[in-house]
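To keep things clear, I will list the structure first and then write my remarks on it.
The values are calculated or read from the model by the stated rules, or taken from the named source; none is laboratory data. Small disclaimer: the values here were computed from a predicted structure and weren't measured. Note: ideal-geometry Cβ built from the backbone for every residue, glycine included; neighbour counts use all protein chains shown. Just so you know, the surface numbers come from the protein's heavy atoms only, side chains and all, with ligands and any DNA or RNA stripped out. Shrake-Rupley method; radii C 1.70, N 1.55, O 1.52, S 1.80 Å.
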Amino acid sequence: MEQEQAYIDILAKELGMELTVSSAGAVTLVQEGRIVLLQWNAAENSFVVYVELGHLAGFNDSAVCRQLLSANFLFMESGGGALSYDSVNNMVGFNYALPVYGLSPEEFLQKMNAILLLAEEWKDTFSKMKAEQEELVVQALSEAENAESDLPQDDMALTMQFVRV
C-alpha cells in the first residue's frame, strides 16, 4: 500500500464515501457542490489540495484577478495557500500544499479541515469581490445612461456608436 493511501482511507472513512486514487495519484471528491482535488506529490511527500472557489462573473474580471493575485504575495493574505485561475473552465481555485511527513492520519484530517475552512473563507471573499465589481459596472452604466438622457436630442447622435460596414 502506498503511503498516501493511508491518508485517503482515513479521509474516505471520515466522509463516509469511497475514494479511489487515480494512476496519477489524484483523488477527486465533491464537497458542498465544489470539487476538491488531492494530488499526491511523492517527491515532496505531500498532497496539493485544490478547492474550487467559483467562476469569474464577467464584471471587471481583471480587477478581481488583480486582487486575488495580490493576496498571493508572500502567502500573507492567502493564509499560506495560493489562489489560481483556470482559464479553460473560467474557475478560480484555492491551492494548498499539505506535507504529510510525520503526520498521523488524525492530524491529516485536522489539517484538511483547516484547509477547507480557509477555502470557504476565500470563497466568501471571492464572492464579495465579484459583487463589488458588478455593482461598480452597473453604477457606471447607469451614470452613462443618465448622462446620455440629459443631452439635447441634436447632440444624441454624437454619442451613438456606429458600426463600420
Practice prompt. Sticking with the crude label model, points 7 Å out along Cα→Cβ, report the distance from Thr20 to Leu74 in nm, one decimal please.
Written response: 4.6
Worksheet item: How high is the relative contact order of the chain, in percent, with contacts defined as C-alpha pairs under 8 Å that are six or more residues apart?
Response: 20
Item to complete: For the stretch 91-103, just list the computed ³J(HN,Hα) in residue order, Karplus coefficients 6.51, -1.76 and 1.60, θ = phi - 60°, integers in Hz, with x standing in for Gly and Pro.
Response: 10, 9, x, 10, 10, 9, 7, 10, x, 10, 4, x, 8
Worksheet item: So who's got an amide H within less than 5 Å of the one on Met91, skipping anything under 5 residues away but keeping other chains? H placed 1.01 Å off N, in plane.
Response: Asp86
Discussion item. Give the lysines whose C-alpha is closer than 24 Å to that of Lys111, dropping any in the same chain fewer than 8 places away, or say none.
Written reply: Lys13, Lys123
Fill in: Over the chain: helical MRE at 222 nm, DSSP H runs n ≥ 4 each giving -39500 (n - 2.57), nearest 500
-15500 deg cm²/dmol
Worksheet item: Charges only on Cβ, +1 for Lys and Arg, -1 for Asp and Glu: so what's the dipole of the chain about the Cα centre, in debye to the nearest 20?
Response: 480
Worksheet item: According to a simple spin-label model (label point 7 Å from Cα along Cα-to-Cβ), what is the distance in nm between Leu29 and Tyr101?
Response: 2.6
Worksheet item: So for Phe75, Phe126, Phe59, what's the accessible-area order with a 1.4 Å probe, most first?
Response: Phe75, Phe59, Phe126
Practice prompt. Pull up all non-local amide H partners of Gln31: gap of 5 or more, or a different chain, and H-to-H distance under 5 Å with H placed in the peptide plane.
Written response: Val36
Worksheet item: With a sphere of radius 14 Å drawn around the Cβ of Glu106, what net charge do the other residues whose Cβ falls strictly inside it have (Lys, Arg +1; Asp, Glu -1)?
Response: -1
Practice prompt. Give the accessible area for Met112 in Å² (nearest 10); use a 1.4 Å probe, count only protein heavy atoms, and leave out ligands, DNA and RNA.
Written response: 10
Worksheet item: Which ³J(HN,Hα) values, rounded to whole Hz and listed in residue order, are derived for the stretch 130-138 from phi using the Karplus coefficients 6.51, -1.76 and 1.60 in 6.51 cos²θ - 1.76 cosθ + 1.60 with θ = phi - 60°, glycine and proline given as x?
Response: 5, 5, 5, 5, 4, 4, 5, 5, 4
